[in-house]
1. Using Cα centres only, tell me the gap between the range 72-92 and the range 380-397 in whole Å.
2. Could you give the nm distance between label points at E176 and R4, where each point is 7 Å from its Cα heading toward the beta carbon?
3. Please find the FRET efficiency linking H87 to E428, where r is the Cβ-Cβ separation and R0 is fixed at 56 Å, and quote it to the nearest 0.05.
4. For Cα pairs less than 8 Å apart in space and 6+ apart in sequence, what is the mean separation divided by the residue count of the range 339-457, i.e. the relative contact order in percent?
5. Which is the longest run of the chain containing none of the GluC sites (Glu not before Pro) found in DSSP loop states (not H, G, I, E, B) with at most 15 other C-beta atoms within 10 Å?
6. Determine the distance separating the Cα centre of the range 98-154 from the Cα centre of the range 210-280; give it in Å without decimals.
7. Once both axes come from the Cα atoms, what is the angle between helix 358-375 and the longest principal axis of the chain, in degrees from 0 to 90, rounded to 10?
8. Could you name the aspartates and glutamates in cross-link range of K184, using Cα to Cα under 17 Å and dropping any fewer than eight places away on the same chain?
Amino acid sequence: MQNRLQPLTGEQIQIIHNAAMRILNRVGVAFKEAKAIEIFKKHGFKTEGEKVFFEESQIFNALKSVPSEFIIQARNPGKNIKIGGEHFAFGPAWAAPFVIDPDGTRRTGTLTDQKNFCKLLQTSPYLDFAAGSIAIPAELTPKNAATKMLEAAFTLTDMPLVSNPCCRENGREITEMASIVFGKPAAELDHPISIVSVNPLSPLSYADDTLQGLIEFAQQGQALLISSMVLAGITGPINIAGTAALEMAESLSGIVLAQLINPGVPCVCGGTSCASDMRTGGVSLGGPESLQLMGIATQMAAHYGLPCRYGGNLTDSFSINAQSGIESALLMATPVLSGTHFIHQACGILGSYAAVSFEKFIIDEEVCGMIKKAVTPLEITDEVINTDLIERVGPGGSFMMQPETAMHCRTAFFPSKITRKCTYEEWEAKNNGDMVARATAHVKERIDAWKKPDMDPAMEQDLKTYVNKKINA
């Protein structure tokens with residue numbers, strides 16, 4: 001039986017590949033930044049104004065230098081994370097302008113929100129990345145908000161980072177801060193310390209500020225998450241196969257540019273493409289079409305030997321309800337089971353990326369833990385199966401009081417903190433149907449339990465001086 005999470009046959013993979021190559025060769029991609037056009041011209045690519053056209057051989061020559069797996073370096077070496085091959089990683093919610101409180105009220109984000117999300121990340125047993133931008137502080141100017149959020153991520157966590165949005169200034173800032181806290185220029189470190197989301201403008205275009213950022217991050221050797229969000233029926237064809245081909249063309253074109261700038265710089269392909277709600281013209285992240293696109297992207301990335309990004313605990317709902325639970329769990333489990341390597345937006349998102357929620361973060365985190373447990377390889381040996389134990393208990397017996405059960409009862413199964421398994425009477429007495437209330441209590445416990453990770457005092461002072469200088473410039 002075919003693996004239904006990887007829907008394409010070998011012939012269909014080739015059809016989508018051929019379509020992506022035709023798009024890149026005949027239609028081209030608009031790169032709205034003169035320096036990017038100069039780079040393509042220097043390497044022999046055909047250009048017409050802002051448009052660049054790609055030969056298949058040029059694409060494959062560039063892809064040869066992309067590592068199939070790579071490491072993102074953390075301040076704490078024990079938290080270095082590998083992406084690609086058999087390895088996958090979870091990143092948090094990212095760059096949301098609004099926060100939704102437990103009572104359903106939507107408000108703008110604050111710097112305190114960003115700091116508290118960083119504390120949740122630092123205490124998370126399941127998340128692999130912190131983020132320079134989670135809840136965008138409305139009380140600060142955009143420039144100062146980016147600087148203060150990144151400072152919070154560097155000082156309140158010791159994890160690898162998802163960078164602030166892709167632009168030249170953010171690329172410079174993260175590498176300058178990293179040079180302070182790592183004690184040497186970021187380009188001289190063994191591995192990149194961050195990964196940045198680079199998003200084309202569908203269809204087939206890259207904005208100037210995005211390209212300036214791509215160039216800066218690539219020159220600094222930072223990993224690039226080059227992923228497209230095609231809205232099927234609006235910014236892409238209304239059919240899923242056509243949307244997948246367009247998505248792949250957009251992602252590959254950006255990866256080629258990154259390799260021309262700095263051969264070997266880590267790149268991840270994929271996307272966040274989805275259907276459109278044809279009744280409203282809005283996004284439909286939570287539809288089954290997203291699941292189809294995930295499976296296709298994973299197979300296409302494998303075809304090119306590239307790590308893949310897709311999915312997350314995503315929902316179109318603006319509250320924590322049955323819809324958010326259904327959509328988030330499906331959009332989180334499917335990419336992991338399909339073989340995706342980087343799952344961005346794994347905790348906290350509501351409202352089609354527009355908002356974050358502390359309670360949703362905690363609930364999503366439990367989903368992440370369940371998924372990691374589910375895909376952990378089982379140890380299967382004669383000793384583990386232990387037929388002697390089964391023989392000893394015999395037909396109709398109980399394993400509950402056996403010494404083997406006592407030995408492993410606290411570690412054998414997933415330690416759920418938010419979901420409940422109890423009798424109806426216990427559930428009723430403790431109001432255990434209110435998952436949001438349990439999550440709210442857990443948020444407070446986690447923030448109270450947070451301990452600031454170690455940082456050399458001199459480095460921390462240098463970082464503070466750098467930030468103050470940027471803020472007051």
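Each value in this text was obtained by applying a stated rule to the coordinates, not by laboratory testing. Keep in mind that this is a model prediction, so the values were computed, not measured. So basically every Cβ, Gly included, is an ideal-geometry build from the backbone, and we count neighbours across all protein chains shown.
1. 38
2. 5.3
3. That pair, H87 with E428, gives E of 0.80.
4. 26
5. Counting only loop sites that pass the neighbour cut-off, the longest clear stretch is 140-378.
6. 25
7. 80
8. Of all the aspartates and glutamates, those that pass the test against K184 - Cα under 17 Å, at least 8 places apart if same chain - are D158, E173, E176, D456, E460, D462.
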